[in-house]
Every structure is written in C-alpha cells, then in structure tokens.
Amino acid sequence: MDIACLIGKRLKRGDILALSGDLGSGKTCFAGGLAKGLGLSEEYRITSPTFTLINEYQGRCNLYHFDVYRLNGCKEFEELGYEEYFSANGVVAIEWAEKIESILPENIISIKFDYVDENIRKIIIKGFKGRIEEIAQDLNAEVV
C-alpha cells in the first residue's frame, strides 16, 4: 500500500495509529506499508498479531503492531501493559482499535478502512491538529 508507506515515512516516535474496518479491509496490509515507510528491514514479514496480540519490529523507529480483535474490552488491553508501548520509543499501530476506543489517548491518528471492492478501499484519516497537517502535506491531501 503506497499511501501507508508515505505515511510511515512521516511518522515519529510516539505516534499512535488506531486502525479500524471490517475483516479484509486492509488493516494488516496497511501495517506492512507503514513498516516499509518506517524503514524496517524487508526481512520482516508483517502479519496480523491476531493470536499473539502484539508483534514488535525493530528498526530506526520500532513498530509495535497490536490486534485487539480477540480481546473482550479495555481491561484485557490494560493487562497487556499497553501504556509501556505507548510511551516506548516507537510507533504503535492498533488493529480493531474501536474495541478499546475509550482508553486511547486524544493524540491518536485514526485510520478507517471501508471496503469498496476487491481492489479498492476508501480510507479516512483523522488526527489531532498540527500532526495530521504534517502528514497530509506529503500526501497532497486536503485537511478538513
């Protein structure tokens, strides 16, 4: 996903991305593009951490990739020690973030995937003032 790679190039340590959308809408594929943009080794095969809950990838800027699909709410996410990852020296991407929305910080970048057809997705990106403009600048995107 080219757009994910472009966004990954603009991400900074401490950025938290909340990825939401139906099964098969492209969240894991997007995480792979982020990894490429972050400059992570091509040796990494980015897979969904559905059963491991988190995959950690080391690079110039570490990527902490969560999948909370199987969790039964915020308490289970808290038990993972998520705050440690949120304050770590890397970028956090959370698939199915809508399941834990109530405990996410305000300074997240929210990315919603809508399935249009087999090869097309509508992607809506929202974020906090200042940071989202920095990212949109490189994408030639309009901030509304």
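Descriptive notes on the structure:
- Looking only at segment 15-67, residues that are under 15 Å from the mean Cα position of the chain (by Cα) and of a type in the set (Phe, Trp, Tyr) come to 4 in all.
- Once segment 56-80 is narrowed to residues that are within 23 Å of Lys99 (Cα to Cα) and in contact with a Ser or Thr (Cβ under 7 Å, 6 or more places away or on another chain), the residue that is surrounded by the most Cβ atoms within 10 Å (Cβ to Cβ) is Asp67.
- Close pairs from segment 19-48: first in contact (Cβ under 8 Å) with a residue 40 or more places away in the chain and more than 24 Å from Asp117 (Cβ to Cβ), partner part of a helix (DSSP H, G or I) and among the aromatic types (Phe, Trp, Tyr), Cβ under 8 Å, at least 6 apart: none
- Those residues of segment 102-126 which are of a type in the set (Ser, Thr, Tyr), assigned to a strand (DSSP E or B) and either within 16 Å of the chain's Cα centre (by Cα) or surrounded by fewer than 11 Cβ atoms within 10 Å (Cβ to Cβ) (or both), in sequence order: Ser110
- The residues on offer are Ile7, Ile3, and the sole one that is touching a residue at least 24 places away in the same chain (Cβ under 8 Å), surrounded by fewer than 22 Cβ atoms within 10 Å (Cβ to Cβ) and in a helix (DSSP H, G or I) is Ile3.
- Wholly within segment 13-92, helices (runs of 4 or more DSSP H) carrying at least 1 residues that are closer than 20 Å to Pro105 by Cα and among the acidic types (Asp, Glu): 74-79, 82-86
- Note on segment 45-55: residues that are β-branched (Val, Ile, Thr), touching a strand residue (DSSP E or B) at 6+ places or on another chain (Cβ under 6 Å) and crowded, with 16+ Cβ neighbours inside 10 Å total 1.
Every read-out reported here was derived from the displayed coordinates using simple, explicitly stated rules and does not represent laboratory data. Keep in mind that this is a model prediction, so the values were computed, not measured. A quick note on method: Cβ atoms are made from the backbone with ideal geometry, for glycine too, and the neighbour counts reach across all protein chains shown.
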